[in-house]
Amino acid sequence: MAANLRTPSFASCSSTSTDTDDEGVRGTCEDASMCKRFAVSIGYWHDPYIQHFVRLSKERKAPEINRGYFARVHGVDQLIKAFLRKTECQCQILNLGAGMDTTFWRLKDEDLLPSKYFEVDFPMIVTRKLHSIKVKPFLSQPIIELHADDTLQIDGHFLDSKRYAIVGADLRDLPELEEKLKKCNINPQLPTLLITECVLVYMTPEQSANLLKWAANSFETAMFINYEQVNMDDRFGQIMIENLRRRQCDLAGVETCKSLESQKERLLSNGWETASAVDMMEVYSKLPQAEVSRIESLEFLDEMELLEQLMQHYCLCWATKGGNELGLKEIVY
């Protein structure tokens, strides 16, 4: 339905049996958002938007968790900006399993928006995000400012505007995903950056392989960024798996997270031409020294060894297809 620009209306939606089955996975969205909100609140990075999507946790997060999230946000942002520079922003970004991510708003503030920014997540999560956008002008106004027409296309778990779209869909149902993205005018010919953060690990290896193949086959020129667990075969990794299982959250795709090599091989075997991967300790070690000094002064870290263990069990992977003339293969971290 079409709703008036100044007073967008958002219908409510009901959960499905699939929503119920995926409750543990959806819970990780809330956890990640609250961790980011807490880290922002004590000065790790600047994000004036996250507070409008999630409440501030009463429970203080551990310093190693805060530094881990800082490295995650910094690492993903660096790769996004490298892609935007190579394409001169003449591209589109597709954030799969975006949750309460605020990248669209932060890129707008830096005058780095792509031609269009798309987000996909479970319908229930999208409905909640749309509600926040609807009731908070600080979130809706940037979308409205960029939208030249009189109406935004909005319903309970769908919003389409000139530069930003968000759709509720299950990433395991590729025909549904493709249909909904086509409604938002996704362009297969435009250089496309796809992003997944702790998403593929909750899918079976077959399901994530299908998603990666779909992404490689759907866009002529593309880059894929994936952030998730790695080195999960050792004792520390097993403890991580057990802790998540206690919260009814199963890592269905953990076998692909054995090593940096297994992460790269998954990308290369599913239609991507180049693949790179680094663990988050390497990302942290490459931070500018001034930035390291700044964040390490924010709070005392008792056990550096625990931070290193945690960082060695998450990784940043990226793959490219086509784009030789743009130099996508030259993107390194």
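The values are calculated or read from the model by the stated rules, or taken from the named source; none is laboratory data. Please read these numbers as outputs of a predicted model, since none were measured by experiment. With ideal geometry, Cβ positions are generated from the backbone for all residues, glycine too; neighbour counts draw on all protein chains shown. Note: accessible area is taken over every heavy atom of the protein model, side chains too, but ligands, DNA and RNA are not part of it. Shrake-Rupley method; radii C 1.70, N 1.55, O 1.52, S 1.80 Å.
Before moving on, here are some points about what is shown:
- Looking only at segment 96-149, and only at residues there that are open to solvent by 40 Å² or more (accessible area, probe 1.4 Å), farther than 28 Å from residue 31 by Cβ and of a type in the set (D, E, K, R), the one that is farthest from the chain's Cα centre (by Cα): 149
- Single unsatisfied condition, residue 260 versus (1) open to solvent by less than 10 Å² (accessible area, probe 1.4 Å); (2) closer than 30 Å to residue 190 by Cα; (3) of a type in the set (A, V, I, L, M): (1)
- Lone unmet requirement of (1) in a helix (DSSP H, G or I); (2) modelled with pLDDT of 95 or more for residue 134: (2)
- Lone qualifier among 196, 221, 256 - being in contact with a Pro (Cβ under 9 Å, 6 or more places away or on another chain), in contact (Cβ under 8 Å) with a residue 60 or more places away in the chain and among the β-branched types (Val, Ile, Thr): 221
- Flag if residue 80 is at pLDDT below 95, open to solvent by less than 40 Å² (accessible area, probe 1.4 Å) and among the hydrophobic types (A, V, I, L, M, F, W, C): no
- Checklist (1) within 13 Å of the chain's Cα centre (by Cα); (2) under 20 Å from residue 26 (Cα atoms) applied to residue 203, failing item: (1)
- Taking the listed residues 299, 291, 303, 325, the one that is modelled with pLDDT under 95 and more than 22 Å from residue 228 (Cβ to Cβ) is 303, with no other qualifying.
- Screening the candidates 273, 242 for the property of being over 19 Å from residue 121 (Cβ atoms), open to solvent by 30 Å² or more (accessible area, probe 1.4 Å), charged (D, E, K, R) and at pLDDT below 95 yields one hit, 242.
- The set of residues from segment 83-95 being open to solvent by less than 40 Å² (accessible area, probe 1.4 Å) and either of a type in the set (A, V, I, L, M, F, W, C) or without any contact (Cβ under 8 Å) to a residue 60 or more places away in the chain (or both) comprises 83, 84, 89, 91, 93, 94.
- Scope segment 1-32; condition over 17 Å from residue 166 (Cα atoms) and either at pLDDT 95 or above or part of a loop (DSSP other than H, G, I, E, B) (or both); matching residues: 6, 7, 14, 15, 16, 22
- The listed residue being of a type outside the set (A, V, I, L, M, F, W, C) and touching a Lys or Arg at 6+ places or on another chain (Cβ under 7 Å), out of 247, 235, 172, 163: 163
- One residue stands out among those in segment 165-203 that are farther than 19 Å from residue 217 by Cβ and in a helix (DSSP H, G or I): the one that is most open to solvent (accessible area, probe 1.4 Å), which is 183.
- If you go through segment 224-240 and pick out every residue that is touching a residue at least 60 places away in the same chain (Cβ under 8 Å) and in a helix (DSSP H, G or I), you end up with 3.
- Taken over segment 177-199, residues that are closer than 17 Å to residue 320 by Cβ and within 17 Å of the chain's Cα centre (by Cα) amount to 5.
- Being open to solvent by less than 20 Å² (accessible area, probe 1.4 Å), under 17 Å from residue 196 (Cβ atoms), in contact with a helix residue (DSSP H, G or I) (Cβ under 9 Å, 6 or more places away or on another chain) and part of a helix (DSSP H, G or I) is not true of residue 278.
- Inclusion of residue 266 among residues that are open to solvent by 50 Å² or more (accessible area, probe 1.4 Å), part of a helix (DSSP H, G or I) and under 19 Å from residue 200 (Cβ atoms) is not warranted.
- Filtered residue count, segment 285-324, keeping only those that are open to solvent by 10 Å² or more (accessible area, probe 1.4 Å) and either farther than 30 Å from residue 221 by Cα or part of a helix (DSSP H, G or I) (or both): 23
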